[in-house]
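Data first, discussion second: the structure below is written as structure tokens.
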Amino acid sequence: MTGTNADRPGTAGNRPHRDHPALEIAGLSIRYTSRTPAVLAVDDVTLTVAAGQCLGLVGESGSGKSTIGLAVQGLLTREPQVEASGTVVVDGTGLDVTAEAGWAGVRGHRVTTVFQDPMASLDPTMTVGRMLTRVTGSREESLRWLGDVEIREPATVLRAYPHQLSGGMRQRVMIALALARGPALLVADEPTTALDVSVQAQILRLLTRERERLGCGVLFITHDLGVARAMCDEVAVLRHGRVVESGTAGGVLSEPEGAYTKKLVASRITVITDRERPVGLPEPTVIAAMRETGRAPEDLGERWEGGSLSWAEFEKERTEVQGGHTLELAGVTKSFRSGGLFGGARKQVLTGIDLRIERHRSVALVGESGSGKSTILRIVAGLETADAGDVYVDRTQGSGVQVVFQDAGASLTPWRTVGQLLTERLDNATDLDREQKRSRVREALERVALDPALADARPGQLSGGQKQRVAIARAVVVPPALLLCDEPTSALDVSVASSVLNLLNLLRYDLGLSLLFVTHDLAAARIVADRVDVISAGRIVERVPAASLSGAMTSDYGRRLLDAVLA
Amino acid sequence: MRSWPRVPLILIGAVVLAALIGPLLSPYSSIVPSGASHLPPFSAGHPLGTDELGLDIATRLLAGARTSLLAAAVVTVISAIGGLLLGTLAGFTGGFLDTVLMRVTDLFLALPATIVAMAVAAGLGPSMTSSMIAITVVWWPLYARLVRGEVRRVAGSLHVEAARMSGTRGWRLVLRHVLPSVLPTVAITASLDIGGVIVTVAALSFVGLGAPAPAPELGLMASAGLQYVVNSWWIPVLPGLAVGLLSLLFTYAGDGLRAALRHRGA
């Protein structure tokens with residue numbers, strides 16, 4: 001792993017001259033034979049990354065984008081059950097993705113990588129300085145590289161171990177390590193997915209600048225169309241291992257031609273998406289759920305397609321007196337004990353939180369990781385208790401408080417069937433007979449656009465989006481007074497996420513649910529909320545009506561979050 | 001279940017079956033002499049020979065295996081159930097009850113198990129029942145500890161939190177959302193333990209705390225036959241080998257069960 005001294009990049013003058021593309025892939029197919037039937041992960045893919053160019057590989061989970069990323073780094077050569085055909089040429093060298101021969105001197109030298117999780121790829125036993133100096137050869141060079149990736153106190157960071165750095169800092173170190181080797185091709189596999197939005201914007205800017213300075217090609221793998229548009233010159237859209245559309249980033253993403261790309265682009269939510277109407281393209285399952293309400297117009301599909309279907313049409317007539325609050329938090333304070341066997345310090349997580357949700361209203365709590373937003377949700381749910389302050393939930397409008405967790409898969413008991421999980425909720429909150437329960441379960445599943453036949457399935461047999469819908473169905477099978485959602489869409493693919501947001505909105509208008517939606521995603525918050533509360537460092541810094549979000553946001557922190565959302 | 005190893009399963013089936021019905025099929029009694037004494041193995045009519053009293057060793061080994069298996073099964077099942085109940089109670093309620101129960105198990109675990117078992121068996125008077133009681137007394141704390149840890153781990157997971165949010169509490173929560181993921185661990189541990197219990201049962205009867213002579217018990221047969229080891233080696237060695245074989249087979253089967261359950265869980 002010692003860096004070759006020849007060919008050190010970055011120092012002006014001896015930048016290697018590149019007269020061939022950084023990467024050429026032709027007719028590449030990759031098959032995993034470990035499963036029966038064998039899985040064709042990559043199917044006849046042809047693409048080129050020119051020197052100094054950034055190609056975005058865009059697709060949802062299971063599209064094969066990461067397999068291509070692994071293949072061009074030579075990381076499939078030791079996998080026993082992989083078959084491949086087609087050619088891969090890295091920086092002028094033809095290579096076999098399933099054989100080790102030829103990869104030495106390419107992997108980690110001419111191709112380097114920035115992964116999604118820098119903690120997993122940095123050696124926890126080495127200081128940043130030791131790792132970097134192995135590549136750069138000298139302390140001075142290492143310091144210069146840390147400066148280049150905009151680390152403010154490079155001398156301190158040089159002495160630090162990876163676990164002492166924040167996620168954003170680690171990713172910067174990872175980028176410095178990857179670029180200091182002077183690669184012809186940098187593979188960036190979802191490098192900003194795990195980061196907060198404001199950090200994400202900085203990292204993307206940094207990557208673009210360094211790419212232009214060093215002239216290396218970048219293969220940028222992402223599921224996020226906004227990131228792809230901000231970063232890439234060209235994009236290739238992958239689905240089921242095939243490139244379904246490719247071209248310039250601006251062209252493909254603003255005027256998509258293929259049906260799948262259209263759907264992806266339409267599913268993308270930004271701060272200017274129309275929040276009065278369902279997001280994304282019409283989806284049969286969601287339409288069926290809309291019909292279940294009995295208030296859907298006849299020509300539902302066409303009106304959605306034409307953009308004239310409004311949520312207001314699903315709004316239930318309400319006879320009861322308006323006003324009153326479903327949730328009131330007053331002066332809620334919470335601290336956790338942190339570290340230390342003897343005493344240890346207490347870390348203040350929430351300070352004087354006041355939060356009210358009016359009946360039938362929806363509030364989104366938006367903040368970055370560590371802001372305390374999830375702690376508020378857990379206090380409201382009764383899973384934590386506040387140190388001080390009042391928590392009041394009006395339980396007259398429904399049955400208690402229900403939660404939809406971010407990790408829906410883990411929130412469903414793996415050995416219970418979907419039907420059992422929903423029936424259990426009915427057992428606990430109602431006294432219906434067996435037949436009534438069965439029909440309520442069926443209704444609840446239809447309402448979240450799931451096939452009622454899935455009642456017999458166990459969570460392990462469901463996809464990520466289906467699990468999240470089951471979690472929602474369990475939460476609303478007995479309508480709660482208040483529904484809490486903890487980042488319910490952040491682990492989902494864009495098209496699945498948009499249908500989950502549509503379903504939440506349908507429930508909100510149809511059942512008149514009060515909703516507290518906790519998220520880091522301002523764009524998603526705007527879609528499902530009437531009001532957006534911005535939280536930072538345990539304090540609510542701003543409350544803005546969702547309808548006029550961009551205009552009304554005045555706090556520095558709120559503006560920063562807003563700017564970080566990619567158009 | 002496709003990764004269940006077929007060979008040990010068949011072997012165990014054969015051994016258990018032989019132990020259960022073998023004594024009925026044998027033409028000899030296990031406590032009435034049936035021929036000349038000190039007959040070596042492969043003698044006519046006595047495939048494993050006879051002992052110092054002229055008892056057929058093959059018949060006695062089958063009867064002894066039956067006693068060992070029954071004793072081991074009873075001890076393991078009672079220990080596992082007891083440990084499961086107390087461990088679940090401690091792990092799920094937490095607090096004071098947890099502290100008290102776990103200090104009691106610590107106390108048992110701190111003492112050398114075999115010696116405590118000997119003391120208990122000696123106190124109750126030598127018999128098969130008292131040695132079973134003695135072993136159960138020292139065996140259950142292991143399960144209580146194990147189960148408590150597992151229950152606490154599972155109880156902290158998101159799906160239990162979610163079930164609690166949906167209104168399920170108390171024993172229903174434990175039965176439906178916690179125990180199903182603890183049971184396989186207990187089953188694996190118990191199946192791996194049977195071999196150990198067989199050895200301990202034999203050890204207690206070897207030192208004279210099991211069933212008194214002439215009961216067909218493997219440990220007793222080995223210890224009583226020890227004085228003839230020079231001239232008739234098969235009298236003490238064959239029962240010893242039988243203990244080893246039984247314990248090995250069950251340990252092997254426990255491993256198979258573990259692999260099968262892990263495979264299913266993955």
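Some observations on this one:
- Intensity falloff of region A:70-162 expressed as log10 I(q)/I(0), Debye formula with alpha-carbon point scatterers, at q = 0.15, 0.21, 0.26 Å⁻¹: -0.73, -1.02, -1.27
- Cβ-derived FRET efficiency at R0 22 Å, A:SER61 paired with A:ASP299, nearest 0.05: 0.05
- Mean partner shielding of peptide A:402-411, defined as the number of other chain Cβ atoms within 10 Å of each residue Cβ, is 4.
- When each full DSSP H helix of chain B is screened for a Cα extent of at least 18 Å along its own axis and an average Kyte-Doolittle hydropathy of at least 1.6, the helices passing are B:6-25, B:179-206.
- Between the Cα long axis of helix A:167-180 and the first principal axis of chain A there is an angle of about 20°, rounded to the nearest 10.
- Relative packing of A:391-399, B:74-82, which averages over residues the other C-beta atoms within 10 Å, highest first: B:74-82, A:391-399
- Histogram of C-alpha separations across region A:348-465, 5 Å bin width, %: 2, 8, 15, 18, 16, 15, 13, 8, 4, 0
- Karplus-derived HN-Hα couplings along region A:299-307 (A = 6.51, B = -1.76, C = 1.60, θ = phi - 60°), whole Hz, x at Gly and Pro: 8, 3, x, 5, 5, 5, 3, x, x
- By the count of other C-beta atoms within 10 Å, a proxy for reagent exposure, B:ARG172, A:ARG526, A:ARG474, A:ARG346 are ordered fewest to most as A:ARG346, B:ARG172, A:ARG526, A:ARG474.
- Across the options B:PHE206, A:SER495, A:GLN461, the greatest Cα extent toward the positive end of the charge dipole of the protein assembly as shown (unit charges at beta carbon of Lys, Arg, Asp, Glu) belongs to B:PHE206.
- Listed by chain and number, the lysines whose C-alpha is less than 25 Å from the C-alpha of A:LYS263, apart from same-chain residues fewer than 8 away, are A:LYS65, A:LYS467.
- Residue order, fewest to most surrounding Cβ atoms within 10 angstrom, among A:CYS216, A:CYS485, A:CYS54: A:CYS54, A:CYS485, A:CYS216
- Taking all pairs of distinct alpha-carbon atoms in chain B, Kirkwood radius in angstrom: 20.3 Å
- Legend: mean number of C-beta atoms from other chains within 10 angstrom of residue C-beta atoms, peptide A:417-424, equals 2.
- Each residue of region A:521-537 is assigned a 3J(HN,Hα), and the resulting list reads 9, 4, 5, 5, 4, 4, 5, 9, 10, 8, 9, 10, 9, 9, 10, 9, 6 Hz, derived from the Karplus form 6.51 cos²θ - 1.76 cosθ + 1.60 (θ = phi - 60°), x at Gly and Pro.
- In summary, the lysines within cross-link reach of A:LYS373, defined as a Cα separation below 21 angstrom excluding same-chain residues under 8 places away, comprise A:LYS334, A:LYS347.
- Whole-number D in µm²/s for region A:505-567 (Stokes-Einstein; Kirkwood sum over Cα pairs; 25 °C, 0.890 mPa s): 198 µm²/s
- Comparing Cα centroids, region B:90-141 and region A:93-125 end up 56 angstrom apart.
- Each of A:THR430 and B:ALA187 was given a label point 7 Å from its Cα along the Cα-to-Cβ line. The distance between the two points is 3.5 nm.
- Calculated FRET efficiency, A:SER121 to B:LEU158, Cβ-Cβ distance, R0 = 22 Å: about 0.25 to the nearest 0.05.
- Highest mean first, the peptides A:282-295, A:415-428 sorted by other C-beta atoms within 10 Å per residue fall in the order A:415-428, A:282-295.
- Cα-only Debye scattering, region A:191-231: base-10 log of I(q)/I(0) at q = 0.21, 0.25, 0.33 Å⁻¹: -0.66, -0.91, -1.28
- Using C-alpha pairs under 8 Å with a sequence gap of at least 6, the mean separation divided by the residue count of chain B gives a relative contact order of 24 percent.
- Exercise: per-residue mean of other protein chain Cβ atoms within 10 Å, B:175-186: 2
- The calculated FRET efficiency for A:TRP415 paired with B:ILE81, based on their beta-carbon distance and R0 = 25 Å, is about 0.75.
- Listed peptides A:516-525, A:76-85 appear in the order A:516-525, A:76-85 once ranked by packing, highest mean of other Cβ atoms within 10 Å at the front.
- As a length-normalised measure over Cα pairs under 8 Å and 6 or more apart, the relative contact order of chain A settles at 14 percent.
- Residue-by-residue Karplus 3J(HN,Hα) for region A:422-430, coefficients 6.51, -1.76, 1.60, Hz, glycine and proline x: 6, 5, 4, 4, 5, 4, 6, 10, 9
- Shape analysis of the protein assembly as shown based on the Cα gyration tensor places the equivalent ellipsoid semi-axes at 61, 38, 27 Å, largest first.
- Exposure proxy ranking for A:SER550, B:SER181, based on other Cβ atoms within 10 angstrom of each Cβ and starting from the fewest, stands as A:SER550, B:SER181.
- Amide H to amide H distances under 5 Å link B:ALA211 with B:MET128, where only residues 5 or more positions off or on other chains count and H is placed in the peptide plane.
- Note on region B:141-266: dipole from Cβ charges, positive end direction compared against B:LEU226, B:LEU179, B:GLY195; the farthest Cα belongs to B:LEU179.
- Annotation: amide H-H contacts under 5 Å for A:SER399 (H modelled 1.01 Å from N, sequence separation of 5 or more, or interchain): A:ALA481.
- Radius, Kirkwood style, for region B:114-266 when every pair of distinct Cα atoms is counted (Å): 18.1 Å
- A:SER514 long-range amide H proximity, modeled H, under 5 Å: A:HIS360, A:LEU483
- Computed on region A:234-317, with alpha-carbon pairs under 8 angstrom and 6+ residues apart, the relative contact order is 19 percent.
- Theoretical ellipticity at 222 nm over the protein assembly as shown - DSSP helices of four or more residues, -39500 (n - 2.57) apiece, nearest 500: -14500 deg cm²/dmol
Just so you know, all these numbers are worked out from the coordinates, no wet-lab data involved. Keep in mind that what you see is a predicted model, and the values were worked out from it rather than measured. With ideal geometry, Cβ positions are generated from the backbone for all residues, glycine too; neighbour counts draw on all protein chains shown.
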